[in-house]
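Since the structure comes first, as structure tokens, the remarks are kept for the end.
The values are calculated or read from the model by the stated rules, or taken from the named source; none is laboratory data. Worth saying up front: this structure is predicted, and the values here are computed from it rather than measured. Ideal geometry is used to build each Cβ from the backbone, glycine not excepted, and the neighbour counts take in all protein chains shown.
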Amino acid sequence: MFSLRKTLFAAAMGAAAWAFSMVGASAAIVCSGPVCWHVAEVYDYPPDARVIVHPDDWSWQPSEDYVWREHPGRGYWRVDRWIDW
């Protein structure tokens with residue numbers, strides 16, 4: 001009986017920790033022209049970047065022509081070139 005209680009307590013603590021970690025998570029989809037990528041943190045992009053920030057569940061319409069191009073780090077796509085800043 002004691003080990004069952006311990007197991008249930010550990011499972012509840014694990015679930016609580018997982019739920020708590022999800023609260024602070026933020027993500028978005030950023031597009032510059034027809035190029036889009038995922039970001040874990042939304043930045044204040046420079047005005048000349050000409051990016052549009054969308055919520056993480058955003059998707060383009062079938063009639064729209066976008067491409068995914070992922071890149072780690074802070075920056076943005078300008079046509080085919082990644083600009084770090």
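Can you tell me which residue within segment 32-69, out of those that are among the acidic types (Asp, Glu) and part of a loop (DSSP other than H, G, I, E, B), is surrounded by the most Cβ atoms within 10 Å (Cβ to Cβ)?
From segment 32-69, those among the acidic types (Asp, Glu) are 41, 44, 48, 56-57, 64-65; that's our starting set.
Filter once more, so that each one left must be part of a loop (DSSP other than H, G, I, E, B): 41, 44, 56-57, 64-65.
On the way: GLU41: 9, ASP44: 7, ASP56: 12, ASP57: 8, GLU64: 8, ASP65: 8.
The residue in question is ASP56.
Quick one: in segment 36-54, of everything that is at pLDDT 90 or above, more than 12 Å from ARG78 (Cβ to Cβ) and among the β-branched types (Val, Ile, Thr), which residue is nearest to the chain's Cα centre (by Cα)?
VAL39
Taking only pairs six or more apart or across chains, which ones have beta-carbon atoms under 6 Å, a first residue in segment 73-85 that is under 14 Å from CYS31 (Cβ atoms), and a second residue that is among the polar types (S, T, N, Q) and part of a strand (DSSP E or B)?
TYR76/SER32; TRP77/SER32
Determine the pairs where a residue that is on the phi > 0 side of the Ramachandran plot, located within segment 50-67, has a partner that is surrounded by 10 or more Cβ atoms within 10 Å (Cβ to Cβ) and assigned to a loop (DSSP other than H, G, I, E, B) with Cβ atoms under 9 Å apart, the partner being 6 or more residues away or on another chain.
ARG50/GLY33
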